[in-house]
Amino acid sequence: MSQPLAHASRLSVEDYLASEDGADIRHEYIDGELYAMSGASRQHVIITLNMVAHLRPLLRGTSCQLFANDMKVRLKIAEQDIFYYPDLILACDPDDRETYYCTRPCLLVEVLSDSTARIDRREKLLAYQTLPSLMEYLLVDQHQRRVEVYRRAQGWALDVLTEGAVRLDCLDHEVPLDVIYEDVPAPDRRRDA
């Protein structure tokens, strides 16, 4: 997330949702302020697609829906409306079917980039914990083989994985790190979003 865009007044939720529909640049929304989203690196996109390709077949015949990149999650914290764009959202509540956002996800995934890691680890971690439906929050490093897992069942304590598989209680399934990092190019010295 970057600095808020200049507005004469705070943007309403309705105006925000209308402005995001078909927009070339996505924005996260915090209490009327918009924050432009940056593009993603090759590693970031491959990691996201690897997870979608692995998880999507598991969802057939269930009430779960998986979204990548373009679906928002909506939160209400201290009377403030907040919309974030996680890299992956898994929502299994059949009543969580708004057109442009989810309100009751069970899993959220962010692929870390240099520009967003601090926000993902602090601001979003604390915000996402307020969602009663959320069981797991994953932070996937794109520059090294490392997945940070926060679970409600473990009091949101950090669990760091560099080998093996990530257990997803939300799906009663494990995702091997080999799958998450399949075909991810070795990082070079330059860090990208």
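Ranked by the mean number of other Cβ atoms within 10 Å of their residues, highest first, the peptides 88-99, 134-145, 172-183 come out as 134-145, 88-99, 172-183. Diffusion coefficient of the chain by Stokes-Einstein, Kirkwood radius over Cα pairs, 10 °C, 1.306 mPa s: 92 µm²/s.
Throughout, read-outs are computed from the coordinates displayed, never taken from laboratory work. Everything numeric here is computed off the predicted structure, so don't read it as measured data. Backbone-built Cβ (ideal geometry, glycine too); neighbour counts: all protein chains shown.
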